[in-house]
Every structure is written in C-alpha cells, then in structure tokens.
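Each reported figure results from applying straightforward, stated rules to the coordinates on display, with no laboratory input. Everything numeric here is computed off the predicted structure, so don't read it as measured data. Ideal geometry is used to build each Cβ from the backbone, glycine not excepted, and the neighbour counts take in all protein chains shown.
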Amino acid sequence: MFQSKLFYRSKKEIPNDIEAVSHKFLYKGDFIDQLGSGIYSFLPLGWRVHQKVAQIIREEMLEIGGQEVFLPMMHPKAIWQKTGRWDAMLPPLYKLKDSHNKEFALGSTHEEVMAKIVKERIASYKDLPLYLFQIQTKFRNEIRFAGGLLRTREFAMKDLYSFHPDEKDFQNYYFKVAKSYLKIFKRCGLSVKMVEASGEGFTSSFTHEFQSLTPVGEDTVIYCPKCDFAQNKEIAKSKEGDKCPKCKATLKQSRGIEVGNIFPLGTKYSEPFDLSFIDKDGKKKLVIMASYGIGVGRLMATIVEANHDDSGIIWPKEVAPYAVHLVPLNLKNKKIKEQTEKIYSHLQKSGVEVLYDDRIDVGPGQKLIESDLIGIPLRIVLSEKTLEKDSVELKERGKKPVKIVKIKDLKI
C-alpha cells in the first residue's frame, strides 16, 4: 500500500476529553472517527486491525467446533417478550417502530434469536451438543460512554452459544471455551486473567470474565500473583493483602478491562421457547445453554492499552495493520527511490503486507514520528547514509536496537 494513497490523516493535538491511552493513539493515528457519543467509524488502518482481531477469534471458535452464522440486528418485540426482557433488559433496548407501527428492538444480545432457531432444528439427543457463533453488530443503550472503543453504544461482538443435553457435557465445553479464550488473547498480545464474577442478570450462578489488568479498567480484580485465583471485587470475600485461599500467597488488587466473558445459562432461555429434545430413554428434556462473548473493538483498544509507549502504538504482529513499514527518507534521491521500489516489489511478491511511505513532501522527522504512532511491527529505513553501505536500517517497534542489514541479505 502506498502511504500517499492511504485514506488517513494523523493528528498532532487531541481533544481535552480524551483520557484513555488507546483512545488517544487510535484517534491520533486516524484508526477511528467519532460520529457521535459512543459511536465510531473504523477507517482503513483501524478496520485492518479490527478484521485481524476478528479473524483470530473466528479461527479459534472453529477450532473448538463452532459453526458460524449471521443473525439479524433488528428483532420483533414478540421474541423478547417470551423471556420477559422487552421491558427488563439492562441497559434498556433501543426500540423502534416500522411503517406498519410494529415494534422492534436493535439486538444487544442474541439468546432469544438463537433459542428460536435451534428449537426448529433439533429433535433428539443425537442433534446435541451444538455450538453456533457469529461476529455481528450489537447495540447497547449505555448510560455512560468512556475510553473510546472501551465502552460504546454500537460495536462488533463475537457471541458463541452452546446447546447441551446435560450438565456434564456443558461443563466440559464451558472450560474448553475458557482455554480457547486464553489462546485468543495470547495471540492478540495480551496477558489476561480468568476471573470469577457475578451473573449480571443472565444467570444466578457465578460466571467468568477475562480481565486485562490495566489502570484504566472499570472493574476491580482481587487476584493471586502465584496461582490462578482471581475474583471480581463485586463478589470477592477476600481483599488485597489477605492470603490466597488456594496457595496462601498474598493477594493483590488491580483495575481491569473485561475483554471477554462466559455465561452458564442453564434452561433460562430454553424454557420459554420450549427448546427441548428426546433423550436416550425417550424422555423430553430441556436443552442446557451457555453464551460466550468477546467485543472486537474493545479487545482492539485493550491491545493498545497493553502495547504502547510515549510515541504511539506497538501492534503485536498478528493484529498489526501491516507487517512492514517501508520508509525512505529522501525519495528525490534517485538511488534511494530505485532501491526502495525494488524492496517493495520483492516484499509484495513474497506475500508480506507492506505500507510504503512514498510521500515526497513529508520530511524525515515527520515520517519517523508517524511511523512510531501507527505502530507497525517492523520498520525498514533507507537513506543516503544506509545506501553508502548498500544497507537498510531495520528497527522493531518498541525495541531500541537498530540493525544495519545489507540489502542482499534482507529477509522478512
């Protein structure tokens, strides 16, 4: 991609109301554009990252047997009335009427829709278990918006729903998803804790959140630095400084961003839809359900919160908008231009995603500042000085050492 053709415009200043680091750098680097309170557009750089994060999630969901679907955003009133959530949902549903004066809601979650679909397609225990997921837009009528993509009113979410014949089968898959989540977050460059949490209105039993520990998080986590014990402070009986109930180490406390959650739903949604099956003994039983969510935009913002320095973003390789930033410092120099274009052509033929800063009217200092801000993992710099040695300068984003590599030895 030629940077002169890239649809973006970096900013030098930020509005006073931007506080979160992720919001600051995603705004300055022109990854996103704010349309309204809690409503954001993803521009080319941001959408490339968003799609890569979504693809990691998709791959891991398929790995654990998920089948992808795509469900409507607009839901008729009747389907929400079946579970009593038309008026009880928190935050409240966005409601609207069509030209026939019929009422609809914009989907904030899809348990009801999934239960309706599955009921019409299963009959016996042989049809279970079943795992369906989507990556779809959700609408949450949030009272408060904070941190850019960390809390919004419209966002893309991966929601997986599992359907089971019994509690044992559910438990096995529940913790299989938990392991898959940890793998997703690791691929995204995050260290995340699995935290016991409340049901938040979905279930009376405990659920689990996946928290990235960071000062800007809205949640408070009590955790053990030595083992896997971790609880949301809302339900924690222990406090910072107490002994861990598992290993007796000293507990710590931290703010955290919830990047994912898993909910046991039991028969809460099966019952109103009569989502049932005939078991091996010929008896009718209700299907046991669970749901598992990851907000793609929030995860993207959390990656920035965990991977940045004072100059900008440090994207992990798997989610970076491009793998290489090719930065010639003076394209008016014929030799620099020729060598840069050769390298660009070679990298493209090798399947490497490259952003080529082909801008002639931008000075070296500004090019390097923008490169740090955008945060592409590897930067290749060509200048009169490097070409004197038939070399280029290689620098990994976030690392201080700069390598001088012969052009003939350049391998990515």
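Here are the numbers for the structure shown:
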| read-out | value |
| --- | --- |
| Percent antiparallel among DSSP beta bridges (both partners in the stretch 21-309, rounded to 5) | 95 percent |
| The chain, relative contact order [Cα under 8 Å, separation at least 6], % | 16 percent |
| Ratio Rg/Rh, restricted to the stretch 322-409 and using Cα atoms, in which Rh is the Kirkwood radius | 0.92 |
| Ranked Leu382, Leu394, criterion: other C-beta atoms within 10 Å, fewest first | Leu394, Leu382 |
| Hz values of 3J(HN,Hα) by residue in the stretch 130-142 - Karplus curve (6.51, -1.76, 1.60), Gly and Pro given as x | 9, 10, 10, 9, 9, 10, 9, 6, 10, 10, 10, 7, 5 |
| Cα-Cα over 27 Å, subset of Lys5/Lys400; Lys24/Lys335; Lys183/Lys342; Lys332/Lys389 | Lys5/Lys400; Lys24/Lys335; Lys183/Lys342 |
| Cβ-based charge dipole, the chain, positive-most Cα from Ile222, Gly282, Thr267 | Ile222 |
| Long-range HN-HN contacts of Leu265 with modeled amide H, under 5 Å | Met289, Ala290, Ser291 |
| ³J(HN,Hα) computed for each position of the stretch 158-167 - Karplus, 6.51 cos²θ - 1.76 cosθ + 1.60, integer Hz, glycine/proline x | 8, 10, 9, 10, 10, 10, 10, x, 7, 5 |
| With 10 Å bins from 0: P(r) over the stretch 21-309, alpha-carbon pairs, percent | 6, 26, 34, 24, 9, 1, 0 |
| Net lengthening on full extension, Lys342/Asp309 (0.36 nm per residue, minus Cα-Cα) | 8.7 nm |
| Separation between Cα centres of the stretch 14-93 and the stretch 339-357, rounded to whole Å | 33 Å |
| Cβ-defined net charge surrounding Arg187, 15 Å radius [Lys, Arg +1; Asp, Glu -1] | +3 |
| Neighbour-count ranking [beta-carbon atoms within 10 angstrom, fewest first] of Tyr181, Tyr125, Tyr173 | Tyr125, Tyr173, Tyr181 |
| Cα gyration tensor, the stretch 49-185 - rounded (a/c under 1.5), prolate or oblate | oblate |
| Note, ³J(HN,Hα) from phi for the stretch 299-315, Karplus 6.51, -1.76, 1.60, rounded to Hz, x at Gly and Pro | 4, 4, 5, 5, 4, 5, 4, 8, 9, 7, 9, 5, 8, x, 7, 10, 5 |
| Nonlocal amide H pairs with Asn333, under 5 Å, H built at 1.01 Å | none |
